[in-house]
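The values are calculated or read from the model by the stated rules, or taken from the named source; none is laboratory data. All of these numbers come straight from a predicted model, not from anything done at the bench. Every residue, glycine as well, gets a Cβ built from its backbone with ideal geometry; the counts of neighbours run over all protein chains shown. The accessibility values were calculated without ligands, DNA or RNA, using every heavy atom of the protein model including side chains. Shrake-Rupley method; radii C 1.70, N 1.55, O 1.52, S 1.80 Å.
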Amino acid sequence: MSKAAGSPTAGAARNPTAVEGVLERITYANEESGYTVARVDTGRSGDLLTVVGALLGAQVGESLRMEGSWGSHPQYGKQFTVENYTTVLPATVQGIRRYLGSGLVKGIGPVFADRITQHFGLDTLDIIEQEPKRLIEVPGLGPKRTAKIAAAWEEQKAIKEVMVFLQSVEVSTSIAVRIYKKYGDASISVVKNQPYRLAADVWGIGFLTADRIAQAVGIPHDSPERVKAGLQYALSQSTDQGHCFLPEEQLISDAVKLLQVDTGLVIECLAELAGEEEGVVREQVPGPEDGTPVTAVYLVPFHRAELSLSAQVLRLLRTEDDRMPAFQDVDWDKALSWLKGRTGAELAAEQEEAVKLALTRKVAVLTGGPGCGKSFTVRSVVELARAKQAKVVLAAPTGRAAKRLAELTGAEASTVHRLLELKPGGDAAYDRDRPLDADLVVVDEASMLDLLLANKLVKAVPPGAHLLFVGDVDQLPSVGAGEVLRDLLDEAGPVPAVRLTRIFRQAQESGVVTNAHRINSGTPPLTQGLKDFFLFVAEETEEAGRLTVDVAARRIPAKFGLDPRRDVQVLAPMHRGPAGAGALNGLLQQAVTPARPELPEKRFGGRTFRVGDKVTQIRNNYEKGKNGVFNGTVGVVTELDTDEQRLTVLTDEDEEVPYDFDELDELAHAYAVTIHRSQGSEYPAVVIPVTTGAWMMLQRNLLYTAVTRAKKLVVLVGSRKALGQAVRTVSAGRRCTALDHRLRGN
């Protein structure tokens with residue numbers, strides 16, 4: 001299988017030299033460019049040779065024939081720069097054993113590789129290729145494993161074919177595997193004839209990769225197919241930024257910039273897209289800033305969801321049915337006195353108002369900051385509802401938030417995904433035709449609910465049931481598109497709400513709570529004299545990154561007795577940079593879960609996975625686990641099987657989820673996560689790097705969200721200047737959403 005290299009030094013040699021050897025290990029790989037530093041055994045001196053270049057798709061254990069040039073590195077000495085390479089089948093028994101034992105073929109690990117090569121010698125690969133049934137002659141290989149090995153070998157061959165075809169556009173191995181899994185034998189045909197389908201169908205391929213492939217297969221720059229795909233890409237990028245639509249003028253300008261084509265062509269293609277069933281929808285709505293009407297352009301699913309969610313909320317509010325009629329004429333003095341006897345505490349006036357609202361109105365919102373008694377109010381609502389034999393259903397967007405809700409109320413709580421029993425494809429088992437059996441539905445951490453999930457949830461609430469949204473509207477909005485909680489809280493809208501503002505005495509003693517409210521009001525936090533809130537000053541971003549790791553992995557565990565993996569979470573404003581979540585994850589993994597010679601590990605792209613690693617899922621995958629595994633789900637790697645090429649993650653919801661090695665780009669390490677990804681979670685201690693390197697991201701609601709994730713302890717690491725910037729800067733602009741407008745019935 002031949003590859004064209006795309007390394008910075010490719011093409012340096014006029015007369016390339018050829019080198020052959022077995023790829024022993026990859027020491028560095030840039031997932032985006034494919035640039036790789038690897039060690040190769042040439043079988044000559046006994047020393048490993050360093051090779052650099054775009055070894056995209058090459059796997060440990062493969063024999064490679066590489067063309068390139070010799071050079072020298074001031075630090076690493078003699079090395080070989082690869083311009084292109086071919087995989088060649090090993091020619092010695094030892095090479096075949098190494099090749100098969102490297103995990104390239106599912107079902108064969110080092111033990112079976114040894115047995116197979118002992119039995120068949122140099123004929124091993126021919127036997128697997130032409131007479132795989134003969135593998136049963138090898139001790140310990142039954143018909144089941146033999147069939148599995150034969151299938152894995154065939155799949156590997158087919159994927160290699162796709163890889164060869166994709167070599168000119170440098171598509172990574174994992175993406176080639178995905179393309180093959182999606183289209184099977186039709187892979188090459190789809191890539192050649194309908195490359196833009198890849199962006200819609202295959203996770204991990206965006207428009208830019210599909211566009212590169214399209215250019216390689218000769219699709220014209222100004223093809224209407226390309227322009228339409230580009231428009232849809234621009235809209236989907238905007239939904240990743242949280243917008244439900246884009247104003248038409250902005251979309252046209254974004255698309256012209258992206259596609260480098262005439263404005264007229266973009267306008268024509270947009271008009272065509274608006275006429276297609278699965279294209280886009282155009283509609284006049286108030287603009288996000290001042291309410292001036294704009295022509296909004298939506299992707300179809302987001303338009304449908306916004307219409308549906310507003311209609312369902314209004315339907316629930318207006319229905320005559322009431323599944324908790326007892327509260328319409330209840331003696332509140334008596335009920336609240338009973339509640340005080342039950343909980344041992346009295347409700348404040350605004351909490352009382354919230355309890356009455358939740359139990360008498362069909363849809364209501366409860367919001368407020370930390371220490372203002374949201375949790376106790378929710379518990380009171382649930383206690384009173386259950387006292388009247390109401391069926392109470394509790395849900396939250398994340399596993400951690402659901403666990404917390406269950407502990408608080410003493411009743412079962414689940415994630416929204418599990419509650420609705422979402423199926424592959426994203427359809428829910430519960431919807432308007434088959435509603436939940438519930439009299440009261442309480443949704444905690446509702447600031448995390450995006451438009452699509454909120455729509456699925458509200459659809460499943462039966463007429464007459466009461467729906468209570470609980471959340472802190474001052475936190476960051478949802479990762480997905482929409483600002484559902486803020487839109488529901490619209491003062492001109494129909495949904496009644498209570499905002500809790502009084503900080504309770506017990507909470508006032510907490511530096512975490514006090515400083516969260518100071519930050520939210522634009523006042524710098526107190527960073528001295530508190531036992532649970534600290535600032536470690538580090539002016540330089542690199543220094544702040546190193547100090548963050550030291551604080552999280554060593555200092556906090558030593559001083560407070562907390563487990564660095566389970567109890568301490570690093571929350572970074574951004575992913576990139578020396579104090580970003582990406583770099584910090586590598587350093588924290590070295591500190592908390594270092595490599596051990598006796599334990600297996602799996603390198604994938606630029607990451608290495610080990611047993612004990614804290615990981616997070618980075619896409620919604622409805623096919624995994626019992627009811628799907630969703631973006632933001634956190635877990636720990638509990639098993640790593642190199643024979644079966646699979647690792648197992650125990651999630652926060654106590655579910656064991658297997659991942660094949662070719663699915664590992666769905667997982668990222670989670671020792672450090674971005675603040676956006678931490679929503680809905682709560683940790684005993686959080687460490688937050690606040691550096692000038694993240695200047696553009698430093699905003700008040702970002703810092704406020706990070707601080708409110710901590711139960712006991714916050715440590716900020718960085719500069720006072722960056723901290724001041726974060727406290728002063730109010731996030732710019734609202735998201736483009738028309739839910740509030742639709743709820744007003746306009």
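Summary table below
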read-out	value
Highest to lowest packing among 440-449, 296-305, 556-565, scored as the average C-beta count within 10 Å	440-449, 296-305, 556-565
Helix-only CD estimate at 222 nm, as mean residue ellipticity for the chain, using -39500 (n - 2.57) per DSSP H run (n ≥ 4)	-11000 deg cm²/dmol
Listed residue pairs exceeding 30 Å between alpha carbons, taken from LYS160/LYS456; LYS388/LYS626; LYS334/LYS362; LYS388/LYS711; LYS334/LYS374	LYS160/LYS456; LYS388/LYS626; LYS388/LYS711
Burial order of peptide ranges 236-243, 283-290 (average beta-carbon count within 10 Å, highest first)	236-243, 283-290
Solvent-accessible heavy-atom area per residue, rounded to whole Å², over region 229-307 at 1.4 Å	47 Å²
Computed E for LYS721/LEU208 - FRET, C-beta separation, R0 35 angstrom, nearest 0.05	0.50
Mean Cβ count within 10 Å, highest first, over the residues of peptides 221-230, 581-590, 114-123	581-590, 221-230, 114-123
Vicinal HN-Hα couplings computed from phi for region 430-442 (Karplus, 6.51 cos²θ - 1.76 cosθ + 1.60; Hz; Gly/Pro x)	10, 7, 4, 7, 9, x, 5, 8, 8, 9, 9, 10, 10
Carbon + sulfur, % of accessible area of region 85-158 - ligands and nucleic acids excluded, 1.4 Å	55 percent
Hz values of 3J(HN,Hα) by residue in region 189-203 - Karplus curve (6.51, -1.76, 1.60), Gly and Pro given as x	4, 5, 4, 6, 9, 9, x, 6, 4, 4, 5, 7, 8, 10, 5
ASN620 long-range amide H proximity, modeled H, under 5 Å	ASN631
GLU509 paired with ARG603, simple spin-label distance in nm, labels 7 Å along Cα-to-beta-carbon	5.3 nm
Heavy atoms of THR86: accessible area, 1.4 Å probe, square angstrom to 10	50 Å²
Cα gyration tensor, region 369-466 - rounded (a/c under 1.5), prolate or oblate	oblate
For the chain: relative contact order, % (alpha-carbon pairs under 8 angstrom, 6 or more apart)	11 percent
1.4 Å probe accessible area per residue over region 535-690, in Å²	40 Å²
Region 605-701, accessible surface, carbon-and-sulfur percent (1.4 angstrom probe)	44 percent
List GLU682, GLU137, GLU407, ordered by accessible area with a 1.4 Å probe, largest first	GLU407, GLU137, GLU682
Distance in nm between pseudo-label sites at GLU137 and LYS157 (7 Å out along the Cβ direction from Cα)	1.9 nm
Carbon and sulfur %, accessible surface of region 247-315 computed with the full protein complex present, 1.4 Å	52 percent
Point-to-point label distance, THR501-ARG315, nm (Cα→Cβ direction, 7 Å offset)	3.7 nm
Cα-based helix-to-principal-axis angle, 143-166 vs the chain, degrees rounded to 10	90 degrees
